[in-house]
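The values are calculated or read from the model by the stated rules, or taken from the named source; none is laboratory data. Treat the numbers as computed from the prediction; the structure is a model and nothing was measured. Here the Cβ positions follow ideal geometry from the backbone for every residue, glycine too, while neighbour counts run over all protein chains shown. Heads up: the accessible areas ignore ligands, DNA and RNA and are worked out on the full protein's heavy atoms, side chains in. Shrake-Rupley method; radii C 1.70, N 1.55, O 1.52, S 1.80 Å.
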Amino acid sequence: MRRFFFGLALILGIGFLWGQENRISLRGDSASPIIDRLGRLAIIDFDGASEPWITWIEEDGRNFRVRVADLALSRTWTVNGPYTASALNPKILVSGRGEVWVFWTGRDKGRDEIFGCVRRGEIWSGPFRLNEDDRYPHLSQSAALDADGRPRVVWSAYDGRDYEIFSSAWNGERWSPEERITDDIGADTSPVIAFVGGTIPLIAWSRSFGGASFLLARYKERADWSAEIEIVADRRNLIRFPKIAVLDDRIGLTWETGGNVESLLTGFIDLAGGTKAVSSSMDMAAPAAAARDENQYTTFGDSITYADNDGYQIRLKPLLVQKYSSAILWNEGRDGETTMGGLTRIDQVIAARAAKYLLLMEGTNDVIFLQISMDTAAFDLEEMALKSQSAGMIPLIATIIPRADWRGTIPLYQGRIIDLNDKIRRIAEARRFRMVDQYDVFMSYPDSLGGWTALIDDGVHPNLIGYEVMAKAWFSGIVVQKSPHPPQSLSLSTQLDGTGTRKINAMSWQANPENAAIPLRYYRVYRKQAGQEDMFYAFLASVSSGTLQYEDAGLDVKTKYAYRLTALSQWNDESGPSPSVAETKKFEFVPLNPVLRTTLVRLRTTKDKTNTVFFEKNSLNEDSDVSGYRVYRRKAEEGDERLAPVSLLGVSSLRYRDLHLPEKQKYAYAIMTIFKDGRESRFSVVVSEK
């Protein structure tokens, strides 16, 4: 039985507005959406008694729940069990046998996946997965029932290269293994499915590649899928979000393109005999990293980037030219594009230009399409940045700006903008990408000048002032990106020079790998006295960028120094300072100018000999460090290894008297300086009796 709903506006008991939706179908993915006042979307289907069932998503800020309601009996259930980290895009199918199938995009511990559950009688099954790999996003599922009430589900998933279409079918006992429907270099997204005559699955989807967009289809008879059929192609606008409905062998299709909704009504035989699609291919090789031009920039994103070539690029270029003398900016924005399309397009863009820098800002369109999770949008952005990096580019990634249109007033969309931007910030931090927080720049625009809404033209795109603000934010990010980083692992060793009275501070360091893409001119050495505030650091010397050491020679021994370094780029941008290093070496200087005097005192039968050793303290020692002096003695005819301690003098005693010595034995003496921390100097000059 056909079901017709024209201009119906009905407030349901759970708070949803079911209305203003026309529906003409028997089977296919064309269930009517219901939108409540908070912007949440519900999907409706009807059982064999024409009673309505709906499914929708509820979230409380932390958990997402897939809810199902039997409106006739006013009963509700939550069906996604423990997988509440994310849920969106629910679909519901009620078979003539009373089975209720629900499918949604959800997330456990990996990326978005395709989940489902079924109600038979009074019992709901637990959630089950249809995809096989949770490393990549799976999304935009569509489902339809065949004549026996058995569902087939199709979805789009990233395969490590681009987005492709996959499918799985229920045979009455189990789900079939994940089946690849497309294998093409293009973004295959937004699949829909219906059954022709209740037995032939017909899938339609959109593909974007390069500057073209296509609406394609395939059908399966018995065990074989047909070749791809090109329904429509558009060389200027994106074809998005097809819908399909089938009645017997008549097929109705609608899709969005260029801001309009277009449609096609055809028979299955005519469709099957249509133009076969031509596979897209790409054989462009990206320029080698060494060939990339420091003064070229690729700006990549959606219509906010494209801006009819009147966006931030023409305001950014003069700033770059003034700073770096030259700048070429390539505008690779595309109207209406989501990050899925961007991820597929990025390889071509990277290969087409020799730009060194990628200015990446995309995701505004993902926010409004509720079948795309912000986790998937963030994944796409991260992959784009990584692709550019692996090709020798340096990515700068931006948050998306706030919206001032009607969606900007709805908590659902506000939350998605905030969520995506938070994820972008985390990606930039984890991957060490330069992040340009355009959202924060806009939100911080002074209230005295009208606040951030004064920067928006049509509720979504910046006005001229907004693009000026955006250009300055990009410029600041580029300057910081091109600014060098300080050298690493600065170390300091101190030694005496050849005179033994002056010292040399020798520094060494390592090049910072983050400067690999930044041409350096010099390392700059700064010095201050140890213990002084950092404000006393003064420039000491410049060292060529290929040199990783420096000696500060001829220094006063008693003055301690601290050092730090910076790096200077060829544009005279100076890095921040490296961590400081300070002298820790302490020297032990020997007593100076020892003199020995011998005196004899005649006794009755012998002579009493006294040796007196005089010496001077060494002014190179810190007086506060010295605890005293130790005197050593040996027989004059012995070697210095026989020197033995004979006395310990206080710090103020600069002589030693050796009394009552035998007249005929001659002696030699040496003195050590003793320090409070236990250190000892070498021996002084040895003095001997003559």
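Worth pointing out:
- Count - residues of the range 202-215 that are surrounded by 16 or more Cβ atoms within 10 Å (Cβ to Cβ) and either among the polar types (S, T, N, Q) or at positive phi (or both): 3
- Against the numbered list (1) open to solvent by 50 Å² or more (accessible area, probe 1.4 Å); (2) within 20 Å of residue 574 (Cβ to Cβ); (3) out of contact with any His (no Cβ under 9 Å at 6 or more places or on another chain), residue 532 comes up short only at (2).
- Residues that are surrounded by fewer than 16 Cβ atoms within 10 Å (Cβ to Cβ) and within 36 Å of the chain's Cα centre (by Cα), drawn from the range 535-547: 535, 539, 542, 544, 546, 547
- Residues satisfying the stated conditions in the range 635-682, i.e. small (Gly, Ala, Ser), more than 20 Å from residue 592 (Cβ to Cβ) and either in contact (Cβ under 8 Å) with a residue 40 or more places away in the chain or assigned to a strand (DSSP E or B) (or both): 636, 644
- Residue check: residue 335 meets all listed conditions (1) at pLDDT 95 or above; (2) open to solvent by 10 Å² or more (accessible area, probe 1.4 Å); (3) over 23 Å from the mean Cα position of the chain (by Cα); (4) not aromatic (Phe, Trp, Tyr) but one, namely (1).
- Taken over the range 81-121, the criterion of being over 22 Å from residue 366 (Cβ atoms), in a loop (DSSP other than H, G, I, E, B) and open to solvent by less than 20 Å² (accessible area, probe 1.4 Å) is satisfied by 95 alone.
- Filtering 567, 562, 553 for residues that are assigned to a strand (DSSP E or B), aliphatic (A, V, I, L, M) and more than 30 Å from residue 624 (Cβ to Cβ) leaves a single hit, 567.
- Those residues of the range 151-172 which are among the basic types (Lys, Arg) and touching a Ser or Thr at 6+ places or on another chain (Cβ under 8 Å), in sequence order: 152
- Residue list for the range 578-616, filter: within 22 Å of residue 516 (Cβ to Cβ) and open to solvent by less than 70 Å² (accessible area, probe 1.4 Å): 578
- Residue in the range 511-526 that is more than 23 Å from residue 484 (Cα to Cα) and either at pLDDT 95 or above or in a strand (DSSP E or B) (or both) present: no
- The set of residues in the range 413-436 being open to solvent by 20 Å² or more (accessible area, probe 1.4 Å) and either charged (D, E, K, R) or in contact with a Leu (Cβ under 6 Å, 6 or more places away or on another chain) (or both) consists of 416, 419, 422, 423, 425, 426, 429, 431, 432, 434.
- The condition (being of a type outside the set (A, V, I, L, M, F, W, C) and loosely packed, with under 13 Cβ neighbours inside 10 Å) is satisfied by just one residue among 444, 476, 483: 444.
- Scan of the range 449-491 for residues that are β-branched (Val, Ile, Thr), without any contact (Cβ under 8 Å) to a residue 60 or more places away in the chain and part of a helix (DSSP H, G or I), ordered by number: 453, 465, 469, 480
- Residues that are within 28 Å of residue 159 (Cα to Cα) and free of Cβ contacts under 8 Å to residues at least 40 places away in the same chain within the range 401-425 comprise 418, 421, 422, 425, listed in sequence order.
- The range 216-258: number of residues that are modelled with pLDDT of 90 or more, closer than 18 Å to residue 200 by Cβ, assigned to a strand (DSSP E or B) and open to solvent by 10 Å² or more (accessible area, probe 1.4 Å): 10
- Number of positions in the range 495-507 that are part of a strand (DSSP E or B) and over 17 Å from residue 548 (Cα atoms): 4
- Test: residue in the range 625-632 that is outside any strand (DSSP E or B) and without any contact (Cβ under 8 Å) to a residue 24 or more places away in the chain: no
- Selection count, the range 55-79, where residues are open to solvent by 40 Å² or more (accessible area, probe 1.4 Å), in a loop (DSSP other than H, G, I, E, B) and not hydroxyl-bearing (Ser, Thr, Tyr): 7
- Residue check for residue 577: in a loop (DSSP other than H, G, I, E, B) and modelled with pLDDT of 95 or more: yes
- Selection count where residues are within 22 Å of residue 51 (Cβ to Cβ) and in contact (Cβ under 8 Å) with a residue 24 or more places away in the chain, scope the range 105-118: 2
- Filter result for residue 43 (open to solvent by 10 Å² or more (accessible area, probe 1.4 Å) and within 35 Å of the chain's Cα centre (by Cα)): no
- If you go through the range 515-553 and keep only what is in contact with a strand residue (DSSP E or B) (Cβ under 7 Å, 6 or more places away or on another chain) and farther than 15 Å from residue 564 by Cα, you end up with 515, 517, 518, 519, 520, 521, 544, 545, 553.
- Single unsatisfied condition, residue 436 versus (1) at pLDDT below 95; (2) closer than 20 Å to residue 483 by Cβ: (1)
- Test: residue in the range 127-139 that is surrounded by fewer than 15 Cβ atoms within 10 Å (Cβ to Cβ) and among the basic types (Lys, Arg): yes
Conditions tested, residue by residue: (1) β-branched (Val, Ile, Thr); (2) surrounded by fewer than 19 Cβ atoms within 10 Å (Cβ to Cβ); (3) in contact with a Gly (Cβ under 7 Å, 6 or more places away or on another chain); (4) in contact (Cβ under 8 Å) with a residue 60 or more places away in the chain.
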site: 145; (1), (2), (3), (4): no, no, no, yes
site: 155; (1), (2), (3), (4): no, no, no, no
site: 162; (1), (2), (3), (4): no, no, yes, yes
site: 166; (1), (2), (3), (4): no, no, no, no
site: 171; (1), (2), (3), (4): no, yes, no, no
site: 180; (1), (2), (3), (4): no, yes, no, no
site: 186; (1), (2), (3), (4): no, no, no, yes
site: 192; (1), (2), (3), (4): yes, no, no, yes
site: 195; (1), (2), (3), (4): no, no, no, yes
